[in-house]
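Student: Below you will find the structure I want to go over with you.
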Amino acid sequence: VSPGPLEGVRVVELASFVFVPMAGAILAEWGADVIKVEDPETGDPMRALKVTGQAGSKVVPAANFQLMNRGKRSVGISAGSPEGREVLYRLVESADVFTTNLLPSSRRKLEIDVEHIRRRNPQIVYAKGSGLGFTGAEHARRGFDFATYWSRGGIAASFHEANPSPEYPPRQVGAFGDFPAGAVLASGIAAALAGRALTGDPSVVDVSLLSLAAWQVSAGLVGADGRRRRLILETEDGRYLALVLPTDDDGVARVCADIGAASAAELEVAVSRRPLEEWRSVLRDVGWVWEPVQTVDQLTEDPQLLANEYVRPLEGADGMYAISGPVQFGGQPPVLTAGPKEAGSETDEVLLELGYTWDELIELKINGSIL
Amino acid sequence: VAGPLTGTRVLELSSGDFAAATGALLGDWGADVIKLDRAVEPRPEGALDSHLNRNKRSVAADPTTAEGADVVRRLVTAADVFLTDLTPAAAAELDLAPESLAAYNRPIVYARGTALGPRGPERDRRGDDFTAYWARGGLATTFQLADASLVRPTEQPVPGFGALPAAAMLAGGIAAALYGRVRTGEPVVVDASLLGLAAFNLATDVAAEAAGPAMQMVRADLGRPSSPGDRTALANALVCFYRTGDGRFICVNAYQDRFFPDICARLGRPHLSSDPRFATHHAREEHSAELVRELDAAFAQRSLAEWARELVGTEWVWEPIQTLEELVEDGQFVANRLLLDRTVVSGPVHFDQRVPTVSPAPMVGQHTAEVLAELEEAGS
């Protein structure tokens, strides 16, 4: 396995919950050395959170925590104390990237805003994940993906409109917005690192739950409507085919001929005449695009998912699995390694690397600045 | 001011939204993106063409002819990145496989956006986000589980719903590869797929499924309402949708217990916070059906606009469920300049709080002469 392209990059993460920690997990997957800073008293609250997946499944909190904290080391630092903050600054001096999800008021209070961090490391890429963006009257407002991305961001309403249900819009649970937002923040950080390598100038990188929602529904915002050509049709055995009708009449005629329908209006009836397995062989080599609709159970067994190794056992965490980001390098899946078992698991190791002596560490532990 | 990828040249050969959107983002980020238009006929016009082909130049060439192949070879030689949605077999047919391009004199980053990933028996199967991400990737049935009134797999809310986030991630992977190339001198092949995004998007469920019972806390019907519209089985009534008096919806997203008294006070139901049924997190979980009904009654008292005034400045999170028409008028959407032009929406990443400039989507072959002249000049 070749090292990832971000080999040699150090990231310091002062972030909790899902969105910004997921950026750190992706950067680690891409080869970076990611150091998660956790409060010695509380740790990342995510360590205790039970998260429910869309399908109602729940993994144990320790396994869930690994989904967005795999591949990192954890250092316990009390960033609120002057001695602790100095340790954090020393760490920042050794880093290429700083990531945070703290609100502007907390960043100022802890003196970890861009100005303070850049004072100790002028070349650092400073990356923020927010709910509602970097400017505007509500930019300092707290956000969560269910409210900010799914609801305010127009996804729930689009979903409800596409799927008229007499009752409420469908819920979003299970970090559905946070996961991609984190991967997109990692993407912006990679671009900033490339920019710094090419020009010498670092950037401040911003991604918000609102900006991701806007991008994701942007085809709707600009008035594109492809829904009529996208069909979900039931098979004889209660499964479904998803197919895309071509834009030209000849293409539609080919789809109808392959399925055995006299016209597009009769596709539904024609599809209902055979079970899915028959359709798989009948439609195996057609030139138009279709797939069976799958459940999560079926997805997890999908030969393409297995062949591409998107789901991998976590090395160093027995029985746990993680899902890599969708990007792979060099035609190989990344190795996914376990993240910190506890807040501050690697405090000593990381700070000794930085040049602290045991005596200094003991002093800092006694006064509660580090864990 | 230019973006972080200024000075980087990308050659894009694509037919679908996924790779086109990737090229658009790389252009926003400062790269010189040259779209290779194969067809002699114009691209399908429409809103998506101007949205996903902004900030590119177009060179028309047909790689199946000797003359076109020569143009492509010159473009490849001058590029840092080759971006395509060709499947491995289709690329090989055009002599544009990674091995073929590696023979040129420049270490090029080869980036592929595919439906089902670069390996496996179906690696050459084509697809878009509706088929590979939404249907095969498990999204259509997953959202069906959240609402018992949905009796069949759900429709994808808007076109591009999976392709566009996948594009942002592929663009990031390309940037990471460019960083790695500066550091080591070596290019890599970068792959991203719509099926991979689906698994990543549903990571909580997929990880639980993969790990099996030992890692699962509950694998019951949690989160699955027992009857249409039944939201009362939810574990947390404070992370829930409520209907307002005018038939609109509010999303309450208040995880922390300390917010409960303020929620009750703001809703004009201060007594609820001292009600023993709701006094602790555990009690609220046990009596979530009753709490949902209490809050249903409270939210029904006022319109969405009235609630927006009542709830201004809360420390706990709530938001209205907005339509796309409302989203474009949203103060935060406007202030962050998320609409760059009538038919161009901003990418999700901002650098130094700058708004990228937008040059309109090129006509097919609009820049053929210009780009070829540049290559000529650089080569001489």
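Every number here is computed from the coordinates shown, using simple stated rules; none is lab data. The model shown is predicted, which means the values in this text are computed figures rather than measured ones. Positions of Cβ are backbone-derived with ideal geometry, glycine not excepted, and every protein chain shown enters the neighbour counts.
Student: Which FRET efficiency, nearest 0.05, do A:D225 and B:A308 yield, Cβ-Cβ r, R0 35 Å?
Tutor: So, using R0 = 35 Å, E works out to roughly 0.75.
Student: I would also like to ask the following. Which FRET efficiency, nearest 0.05, do A:E301 and A:S281 yield, Cβ-Cβ r, R0 30 Å?
Tutor: 0.95
Student: Compute the relative contact order of the stretch A:173-218 as a whole-number percentage, counting only Cα pairs closer than 8 Å that sit 6 or more residues apart in sequence.
Tutor: Normalised by residue count, the contact order of the stretch A:173-218 is 39 percent.
Student: Highest GNM mean-square fluctuation, chain A, Cα pairs closer than 10 Å: which of A:K128, A:K109, A:K72?
Tutor: The residue with the greatest mean-square fluctuation here is A:K109.
Student: When Lys and Arg each count +1 and Asp and Glu each count -1, what net charge do the other residues less than 13 Å away from B:L375, Cβ to Cβ, add up to?
Tutor: -1
Student: Now for a separate question. A:R119 to A:I366: FRET efficiency via 1/(1 + (r/R0)^6), r the Cβ-Cβ distance, R0 22 Å, to the nearest 0.05?
Tutor: The formula returns an efficiency of 0.20 here.
Student: Is the shape of the protein assembly as shown rounded, prolate or oblate, going by the alpha carbon gyration tensor and its root eigenvalues a ≥ b ≥ c, with a/c under 1.5 for rounded and a/b larger than b/c for prolate?
Tutor: Note, shape of the protein assembly as shown comes out oblate.
Student: Any chance you could run the full-extension gain for A:K109 through A:W288? It's 0.36 nm times the residue separation minus the Cα-Cα distance, nm to one decimal.
Tutor: Contour length minus the Cα-Cα distance gives 58.7 nm.
Student: Quick one: compute the contact order of the stretch A:76-154, relative version, from alpha carbon pairs under 8 angstrom and 6+ residues apart, as a percent.
Tutor: 25 percent
Student: Once you order the gyration tensor axes a ≥ b ≥ c over the Cα atoms, which shape class does the stretch A:1-132 get: rounded for a/c under 1.5, otherwise prolate or oblate by comparing a/b with b/c?
Tutor: Oblate, because a/c is 1.5 or more while a/b does not exceed b/c.
Student: If you find the alpha carbon centre of the stretch A:284-361 and of the stretch A:163-230, how far apart are they in angstrom?
Tutor: Using only Cα atoms, the two centres lie 21 Å from each other.
Student: Take A:S81 and B:A335, extend 7 Å from each Cα along the Cα→Cβ direction, and tell me the distance between the two endpoints in nm.
Tutor: 3.7 nm
Student: Go ahead and set up a Gaussian network model of chain A, Cα springs under 10 Å, then flag whichever of A:G131, A:G182, A:G251 fluctuates most.
Tutor: The residue with the greatest mean-square fluctuation here is A:G251.
Student: Further question: For the pair A:A140 and B:D352, how long in nm is the line joining their label points, each one 7 Å along Cα→Cβ?
Tutor: 2.6 nm
Student: Taking a ≥ b ≥ c as the square roots of the Cα gyration tensor eigenvalues, with a/c under 1.5 meaning rounded and otherwise prolate when a/b beats b/c, else oblate, which class fits chain B?
Tutor: Here chain B falls in the prolate category.
Student: Right, here's the next one. Note down the relative contact order for chain A as a percent, whole number, built from C-alpha pairs under 8 angstrom at least six residues apart.
Tutor: Across chain A, relative contact order equals 21 percent.
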